[in-house]
Amino acid sequence: MSSRRAKPNSYLRLVARAFLAKRLSTAALVATLALIVIAVAAPYIANDAPIALRRSGVWYFPSTFTYAEFTSTDWRDAVDNLPIGDYVLMPPVPQSPNRTEISNRLVPPSSGHVMGTDDLGRDVFARMIWGSRISLSVGFVAVGIAVLIGVIVGAVAGYWGGYVDMTVSRVIEVVICFPVFFLILIIIAIVPKMNIYYLMLAIGVVGWTGVARLVRGEFLKLRTQDFTVAARALGVPAPRIIFRHILPNAMAPVLVSATFGIAGAILTESGLSFLGFGVPPPTPSWGSILSLAREYVYQAWWLTAFPGAAIFLSVLFYNLIGEGLRDAADPRLKI
């Protein structure tokens, strides 16, 4: 009776096992995934329009999108006075992030407003949920741009070396000295209307230098390995060697750097919004909510506590994930 030979564990499987063995990093990953789900599903979690509606025998789904015949309907009051046969399914938080009610301004946390209201009577809990979309999207998109640029530049410098490496290294040293805040201020001065896309682009264009250095170092090490020399001797084109053979073996430190970069991008966006240079109002973001605390620091403590805690926890989660990936991807790690 023949016995099957057990397959050796792949590198990715070993990294995943080592990462999951770290409870703090695993808990941070679960919490981050939950934040991503909340950000994606924000229109169905916090909104003053129903998710599903049955009106006069006709179903509207999802009615969180605008229907012309219902634009003037206040569904929070209409739910209690529905005709027989009609049905309305409201979101868990039946509040719009931009609905102003001056009569309810600066209301402390209560059953009607879990996190209180701001200076215009807008529900802070709804704005926190919608603000997660801005913070997380800036983090992911900005770091995605930085990783794309950094991988290409670092691969070119590390694979060809010589004068190419020296030239690219000097460019990296120049860009790394350019503060992202100054670049965004220049964009604000040039562009008539600031939006989130310029913010993502500015953070990504300046933040690629660390990734480029990591990729360059990995390529300088891997280009002399036997599998690279063999591929070059067989006449494999350079782009195929770079992206098919070397790059997959150099991505572990890049992923770790990207995780830390997301945390840094969230902090940058929050800081810019706090100073008034972030996304324009009335678009909610954690930093813009926190900026209101400067005027109502003693009158409305919740404007400081909740967005500050959200920024702190999200950055902490990404740092814990990055540390877990860094330790798990260490080839000297014993499993």
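Data table
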read-out	value
Residue list for segment 275-287, restricted to those being surrounded by 22 or more Cβ atoms within 10 Å (Cβ to Cβ) and in a helix (DSSP H, G or I)	TRP286, GLY287
Selection within segment 232-249 - under 29 Å from the mean Cα position of the chain (by Cα) and either exposed (fewer than 15 other Cβ atoms within 10 Å of the Cβ) or modelled with pLDDT under 80 (or both)	PHE243, ARG244, PRO248, ASN249
Count - residues of segment 282-311 that are without any contact (Cβ under 8 Å) to a residue 40 or more places away in the chain and farther than 17 Å from PHE125 by Cα	3
Candidates ALA258, ALA309 - the one that is more than 16 Å from SER137 (Cα to Cα), among the aliphatic types (A, V, I, L, M) and modelled with pLDDT of 80 or more	ALA309
Evaluation of ILE145 against (1) touching a residue at least 60 places away in the same chain (Cβ under 8 Å); (2) closer than 20 Å to ILE45 by Cβ (one fails), failing number	(2)
Residue match in segment 182-190 (condition: at pLDDT 80 or above and touching a helix residue (DSSP H, G or I) at 6+ places or on another chain (Cβ under 6 Å))	no
Residue among ARG216, ARG244, ARG223 that is under 30 Å from LEU267 (Cα atoms) and not hydroxyl-bearing (Ser, Thr, Tyr)	ARG216
Tally, over segment 255-276, of residues that are of a type in the set (Phe, Trp, Tyr) and farther than 26 Å from LYS193 by Cβ	1
Selection within segment 194-231 - aromatic (Phe, Trp, Tyr) and either surrounded by 18 or more Cβ atoms within 10 Å (Cβ to Cβ) or more than 31 Å from the chain's Cα centre (by Cα) (or both)	TRP208, PHE219, PHE227
Subset of segment 161-193 (residues that are farther than 13 Å from VAL138 by Cβ, touching a residue at least 40 places away in the same chain (Cβ under 8 Å) and surrounded by 12 or more Cβ atoms within 10 Å (Cβ to Cβ))	GLY161, ASP165, VAL168, SER169, ILE172, PHE181, LEU185, ILE188
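The values are calculated or read from the model by the stated rules, or taken from the named source; none is laboratory data. Model, not experiment: these values are computed from the prediction. Glycine also receives a Cβ, built like all others from the backbone with ideal geometry; neighbour counts cover every protein chain displayed.
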